[in-house]
Structure formats: structure tokens, C-alpha cells
1. Evaluate the relative contact order of the chain (contact order divided by residue number), counting alpha-carbon pairs under 8 angstrom at least 6 apart; express in whole percent.
2. With a cut-off of 8 Å between alpha carbons and a minimum separation of six or more residues, what is the relative contact order of the stretch 1-154 in percent?
3. Got a sec? Charge dipole of the stretch 39-179, +1 on Cβ for Lys and Arg, -1 for Asp and Glu; which of Gly102, Val42, Phe168 is way out at the positive end?
4. For Phe184, list long-range residues whose amide hydrogen, built 1.01 Å from N in the peptide plane, is under 5 Å from its own amide hydrogen.
5. Rounded to the nearest 10 degrees, what's the angle between the helix 66-79 long axis and the longest principal axis of the chain, both from Cα atoms, 0 to 90?
6. Express as a percent, rounded to the nearest 5, the fraction of DSSP beta bridges in the stretch 118-195 (both residues included) that run antiparallel.
7. Given Cβ point charges of +1 (Lys, Arg) and -1 (Asp, Glu) and nothing else, what value in debye, to the nearest 20, does the dipole of the stretch 7-115 about its Cα centre take?
8. Once you have a ≥ b ≥ c as the square roots of the Cα gyration tensor eigenvalues for the stretch 187-230, tell me rounded if a/c is under 1.5, and otherwise prolate or oblate according to whether a/b is larger than b/c.
Amino acid sequence: MVMQLSIDRRALQARARELAQGPIRARAAEVDASETYPWDNVARLVEAGLVGMTIPTRYGGQGRSFLDAVLVIEEMSQACSVTGRIVVETNMGAISAVMAYGSEEQKRLSADLVLKGDKPAICITEPEAGSSASDMTTRADKRGNRYVLNGKKHWITGGGVSRLHLIFARVYDEAGNEEGIGGFLAIRDETPGLVIAGREPTMGLRGIPEAEIRFEEMELPPAALLVPPRGLAKGFADLMNAYNSQRVGAAAVALGIAQGAYELALAYSETRRQFGRPINEFQGLQWKLADMSIRLAAAQALVYKAATSGDAADGSGFPDMLQAAQAKVFTSEAAIQIVNDALQIFGAAGYSRRNPLERMARDVRMFTIGGGTAEVLRNVVASAILKKKLPQTRDGWLEQTKRRE
Ligand SMILES: Cc1cc2nc3c(=O)[nH]c(=O)nc-3n(C[C@H](O)[C@H](O)[C@H](O)COP(=O)(O)OP(=O)(O)OC[C@H]3O[C@@H](n4cnc5c(N)ncnc54)[C@H](O)[C@@H]3O)c2cc1C
């Protein structure tokens with residue numbers, strides 16, 4: 001433990017641990033094998049008060065911090081990564097964006113859904129705009145007293161199970177002039193034109209759907225538009241500040257999976273005997289375990305630090321962009337290595353689907369990709385430490401060069 005936790009936080013952690021090590025762990029393999037969303041786990045999380053914890057008390061939440069959410073995510077992810085991700089998205093990301101930037105009506109609507117167990121979907125990525133997310137083409141055209149959305153998103157976590165959607169789109173005024181990128185709130189099944197078009201057959205994290213979503217002449221009132229504090233012109237940057245909280249959450253899931261794998265390997269190394277002695281008496285494995293514990297401690301320090309940074313450029317209290325990126329890059333890469341080493345310590349048993357290591361190895365692989373790849377987040381880190389805008393496109397560099405001349 002890298003930080004002295006308060007009595008309240010330790011109590012929260014203990015409550016989460018009891019649930020995670022009990023019914024959540026017992027269901028994890030089945031959730032993966034059946035590829036079905038664990039509604040029973042959602043009900044357990046709701047009952048234990050572990051969804052919507054970060055929502056302010058005036059909207060029915062507990063006004064808890066991102067660090068509190070991280071502690072719960074770590075516990076859940078040790079047992080079941082999918083349940084860990086549900087805790088992320090019911091406490092961070094889209095719901096935090098609404099709570100920071102939304103109107104009174106948007107906050108009440110979203111809080112009510114999330115507190116009942118709805119995991120909001122955040123819709124940014126498009127087939128032709130992945131890492132270059134700001135190249136998105138989904139558009140929202142103002143027509144009279146409504147916006148009309150058209151476009152396509154893919155790899156949307158929770159598509160088909162989530163009700164609340166936060167949809168990033170280019171906003172155009174009546175005359176067809178672009179105003180910037182905004183976030184629209186839409187509720188599945190109440191919004192004609194929001195079409196769940198298909199599910200991706202994923203490598204891991206199989207209990208939660210990754211969906212393609214189409215918006216076909218989808219009409220929304222202006223009240224559905226989430227306008228960040230610096231307006232639509234800076235809409236993308238501000239919405240991405242909110243997304244930094246989700247990045248820290250994703251890092252916490254990876255951390256939890258790695259912790260779970262490490263604990264399993266530690267215990268197995270004591271009971272498995274070869275050449276007449278426990279395998280942890282071989283120095284080759286001792287050093288592996290030592291390296292795993294060192295990486296875990298470093299990752300936890302980065303994740304906790306990012307969770308408590310609250311230093312976003314728009315003054316919203318979201319995690320600092322640099323710290324969130326550092327935490328996610330390091331933790332996601334370290335976690336892949338730790339889970340891989342844990343599997344190795346299990347020998348053939350690690351390769352069997354009877355043991356959770358193979359599921360953990362598939363699940364953990366995602367975290368250097370989703371929510372900003374390790375490469376793109378390294379660009380974010382480089383840009384922050386060099387204090388330079390680092391445009392990735394040829395046109396961007398040309399423009400910067402012209403401005404300098
Ligand atoms: C399980 C899962 C869940 C997801 N959930 C969501 C979700 O809920 N909502 C959502 O909107 N999106 C979601 N995503 C999408 C995710 O955010 C994108 O996959 C990610 O941003 C990368 O985009 P891409 O897959 O198109 O890769 P690409 O952008 O095509 O990248 C391909 C490769 O090129 C590298 N690359 C690209 N640009 C650069 C550069 N400038 N410098 C160096 N390397 C570069 C990348 O790092 C990568 O290795 C999810 C993805 C996964 C796998």
C-alpha cells in the first residue's frame with residue numbers, strides 16, 4: 001500500500017473486497033464463457049452502494065472521490081475485470097462529465113439512471129477516427145428547435161446494455177457552420193435513430209459488449225447538448241479532460257487484474273513442488289515474483305497519484321492529463337507483463353481454462369489499446385513535458401512551421 005488510507009477508505013475497501021472475493025469471483029469464469037452482461041453483479045453493486053459513488057449527494061450519490069472509486073475498482077478487478085469496468089463507468093468518464101458540465105436536468109436524469117445500475121456508454125471512436133479521435137465525422141445539425149445526428153461509432157463499451165449514451169459529435173449551426181465538438185446525451189430505446197448495429201467478437205473482457213452504433217437522423221432537443229465550460233470551440237479538449245478520469249479508471253482495472261494474478265502466483269509458488277521443494281525456492285522464480293511486486297507498487301503509486309491530481313486545465317477537478325497518461329501507459333504495460341509472468345509460474349496449469357490466468361491474460365491485453373493507446377498516450381506525455389504542441393499530421397506540422405516563420 002503506497003498511501004495511508006483513512007478509516008473510511010479502508011472500510012470501503014473492505015466492503016468491496018468481501019463482495020469481490022465472494023459472489024463476484026464465483027461468477028467471473030461464467031461471465032467470460034457465456035459472454036453475457038452480469039446483471040446480477042450490477043444488482044449487487046447497486047445494493048452495496050458502489051455505483052454512482054462519485055455523484056454529488058444532492059443528486060443522490062455519495063460525493064466520493066476518484067480515489068475511492070479506484071479502491072473499489074482494484075478490488076473488483078482482482079476477481080472479475082468486467083465488474084471492475086462496470087465500477088469505472090458508473091463512477092468515472094461519462095457520468096463525471098455530466099456532473100461537471102451538465103445542466104440541472106441532465107444531472108438529475110443521468111444520476112437517476114446510474115444509481116439504478118445503468119453503465120453509461122461513451123461514444124467517441126469511429127471506424128476512420130480511432131487515435132485521431134478529433135477527425136470524427138459524426139455530425140449534429142441544428143434544424144429549428146432540434147439537433148439531428150448522423151454518423152457511426154464503433155467499439156462502444158456497453159452498446160446494447162447501456163441506456164445512457166454520451167455521444168461526441170461535430171456541431172453545426174442552422175447555416176451549416178461548424179461550432180466545435182460537443183457531447184449529446186441520448187437514451188437507448190427512447191431515442192429513435194440510435195441503432196445498435198452489431199457486436200465485436202472480442203479477445204477478452206467478454207462479459208461486456210463492444211458495439212457498433214449508428215445514428216440515423218437521430219433527433220435530440222438542444223437540452224441534450226452538454227456544453228463544457230469553455231464552450232463548443234474547446235468542447236473536445238474539455239470533454240477529453242473528463243475522459244482522463246476514465247483513463248485512470250482503466251489503469252485501475254489493469255492494476256487490479258495484475259494484483260489478482262500476482263496473488264494467485266504467489267500462493268501457487270508455495271504449494272507447487274518440483275525437485276522436492278516448493279517452486280518459490282528457485283531463484284529464477286523468486287526474482288520474477290520480486291519484479292512483479294515492484295511493478296505493482298510503482299503502478300499503484302502512479303494510479304493513486306493521478307486519481308488525486310484533480311488538475312485539469314478547465315478547473316473541473318478532473319485528473320491531470322499528464323498524470324493520467326503516465327499512469328495508464330505504465331500500469332497497462334506492467335499489468336500485461338505481471339499477468340504473463342503469473343501464468344508462467346503456473347506452468348501448464350496456467351494455460352488451462354480451468355484456471356483464471358488465461359482469462360486474465362486475455363482481459364489485461366486490452367488496456368494498452370482502449371481509452372488511448374500506449375503510443376498515443378506517450379505522445380501526450382511528450383507534449384506535456386516538452387511543453388510543445390506535437391501535431392501528428394503532416395498538415396499540422398506544416399501549419400506550425402508556417403506560424404513560426
Ligand atoms: C475493448 C475496447 C473498448 C473500447 N471502448 C470504447 C468506448 O467505450 N468508447 C469509445 O469511443 N472507444 C472505445 N474503444 C476504442 C479505443 O479508444 C480505440 O481503439 C483507440 O483509441 C485506438 O484507436 P484504433 O483502434 O482505431 O487504433 P488506430 O488509431 O488505428 O491505431 C493503430 C496503431 O497505430 C498507432 N498510432 C496511431 N496514431 C499514432 C501516433 N500519432 N503515434 C504513434 N502511434 C500511433 C496506435 O497506437 C496503434 O498501435 C475501445 C477499444 C477497445 C479495444
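What follows is calculated from the coordinates using simple rules that are stated; it is not laboratory data. All figures in this text were calculated on a predicted structure; none of them were measured in a lab. Here the Cβ positions follow ideal geometry from the backbone for every residue, glycine too, while neighbour counts run over all protein chains shown.
1. Relative contact order comes out at 15 percent.
2. Reported relative contact order: 19 percent.
3. Going by the charge dipole, the pick is Val42.
4. Ile167, Phe168, Ala169, Leu226
5. So the helix axis and the longest Cα principal axis differ by about 50 degrees.
6. Around 70 percent antiparallel, to the nearest 5.
7. With only Lys, Arg, Asp and Glu charged at Cβ, the dipole is about 320 debye.
8. Taking the square roots of the gyration eigenvalues as a ≥ b ≥ c, the stretch 187-230 is oblate.
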